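Below: one structure, written as structure tokens.
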Amino acid sequence: MITEAAEKQLIERTAGKQGVFKIEYDTEDCCAVNGIAMLWFVSTPNEEDGAAETNGLPVFVEKAKEIFFDENMIIDFVPAKGCFQLKSPNQYFNPCMSFIDKTKTA
């Protein structure tokens, strides 16, 4: 699920650009089980990415890394912190998630 606040921010930050949102489980500089979730905006999803069911904007997740997430996830935006959150009813996956625009700019 994407909250209304998060959807508004995502639309504003990507206005006029073509692409899709992707939850990236970054394991750089650590082992696979100690990664951190980040929110990327990419030109197109990779072959290994699967579409997550959402209530609005399309979001992709690498199929092999879906195991690290809960079935019901929420992307939210916290204005006081100026960041996104990735959480489930059970836990926070990233309470201050980075948003990175990976699309090519002209």
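Against the condition surrounded by 17 or more Cβ atoms within 10 Å (Cβ to Cβ), in a loop (DSSP other than H, G, I, E, B) and at pLDDT below 95, how does PRO89 come out, does it pass? In short, no. For region 21-30, the criterion of a residue being surrounded by fewer than 19 Cβ atoms within 10 Å (Cβ to Cβ), in contact with a Ser or Thr (Cβ under 7 Å, 6 or more places away or on another chain) and charged (D, E, K, R) is satisfied by no position. A count restricted to region 48-86 and to residues that are assigned to a strand (DSSP E or B) and charged (D, E, K, R) stands at 3. The number of residues in region 37-84 that are closer than 16 Å to MET97 by Cβ and of a type outside the set (D, E, K, R) comes to 24. Has region 44-66 got any residue that is loosely packed, with under 14 Cβ neighbours inside 10 Å, hydroxyl-bearing (Ser, Thr, Tyr) and touching a strand residue (DSSP E or B) at 6+ places or on another chain (Cβ under 8 Å)? Yes: region 44-66 contains one or more residues that are loosely packed, with under 14 Cβ neighbours inside 10 Å, hydroxyl-bearing (Ser, Thr, Tyr) and touching a strand residue (DSSP E or B) at 6+ places or on another chain (Cβ under 8 Å). For region 67-86, the set of residues classified as over 19 Å from LEU10 (Cα atoms) and either open to solvent by 90 Å² or more (accessible area, probe 1.4 Å) or in contact with a Cys (Cβ under 6 Å, 6 or more places away or on another chain) (or both) consists of ILE67, GLU71, ASN72, listed by residue number. TRP40 fails exactly one of the following numbered conditions: (1) open to solvent by less than 40 Å² (accessible area, probe 1.4 Å); (2) touching a residue at least 60 places away in the same chain (Cβ under 8 Å). What is the number of that condition? Evaluating TRP40 over (1) open to solvent by less than 40 Å² (accessible area, probe 1.4 Å); (2) touching a residue at least 60 places away in the same chain (Cβ under 8 Å) leaves (1) as the failure. Every condition in (1) surrounded by fewer than 17 Cβ atoms within 10 Å (Cβ to Cβ); (2) more than 13 Å from the chain's Cα centre (by Cα); (3) free of Cβ contacts under 8 Å to residues at least 40 places away in the same chain is met by CYS96 except one, and the failing one is (2).
The values are calculated or read from the model by the stated rules, or taken from the named source; none is laboratory data. This is a predicted model, so every value here is computed, not measured. Neighbour counts run over all protein chains shown; Cβ positions are idealised from the backbone, glycine included. The protein model used for the area step is the full one, side chains on, heavy atoms only, and it has no ligands, DNA or RNA in it. Shrake-Rupley method; radii C 1.70, N 1.55, O 1.52, S 1.80 Å.
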